[in-house]
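First the structure, in the form of structure tokens, and then the observations on it.
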Amino acid sequence: MTILLLILAGLGVVVGALSAGRTLRQARGVPRNVLQVMSLVVALLCVSVGLTVLYFAWRMKGPPDDLRGKPLPAMHYLLEDGEHSTAEWHGRPVLLNLWASWCEPCRTELRMLSGLKTDVAIVALSDEEDQTVRSFLASGGYGGLRAGRITRGAPGIALRPVTVAVDRKGIVREARIGALDVSAVEAMLASIR
């Protein structure tokens with residue numbers, strides 16, 4: 001996916017620059033300095049679009065890959081039964097799901113996770129405001145899921161949903177961006193059992 005976005009960004013810059021150059025060469029009666037300024041503006045626009053696409057491609061690939069094989073960053077989170085910390089997870093595997101109320105794939109994934117029968121703890125967290133999280137969870141379909149909101153120490157991943165498999169030692173074994181199906185979740189669970 002990242003490679004495809006990089007190729008598209010590069011093609012966009014080249015096509016934009018070529019089309020601007022052709023258009024500007026065809027312009028008659030326009031002073032040369034105006035053509036030079038217009039060429040510079042078009043080139044800068046193409047470069048900024050390319051850099052924006054590269055940034056989002058990096059964000060899609062970077063952070064979850066950066067977590068693998070490392071300890072999960074410490075987080076504090078609030079559930080219905082009070083404040084908790086990821087330090088409590090030591091000695092047991094946990095599947096962490098990061099979600100957002102505005103994310104439609106998150107809704108589907110949370111319902112699937114809430115119906116999953118497993119011996120691994122599943123914790124679903126959002127970094128949104130308390131009232132937003134409470135309203136979302138009260139909207140239904142998420143019973144039995146340990147879900148709440150992050151109060152301190154969010155892992156710095158902007159995209160949602162993200163699912164992270166943490167082993168008994170607190171090491172991230174797997175991290176994936178995007179909605180997962182049952183078989184993908186089962187494979188993640190197998191990696192930390």
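Just so you know, all these numbers are worked out from the coordinates, no wet-lab data involved. Since we're looking at a predicted model, the values are computed, not measured. Glycine also receives a Cβ, built like all others from the backbone with ideal geometry; neighbour counts cover every protein chain displayed.
Brief remarks follow.
- You can think of it this way: the chain between residue 129 and residue 66 has 20.0 nm of extra reach, that is 0.36 nm per residue less the Cα-Cα gap.
- Figure legend: label point modelled 7 angstrom from the Cα of residue 85 along Cα→Cβ; residues of the range 152-170 with amide N under 18 Å from it are 152-155, 169-170.
- Each other residue within a Cβ distance under 14 Å of residue 142 adds +1 if Lys or Arg and -1 if Asp or Glu, for a net charge of +3.
- Modelled FRET efficiency - R0 22 Å, residue 74 with residue 182, Cβ distances, 0.05 increments: 0.15
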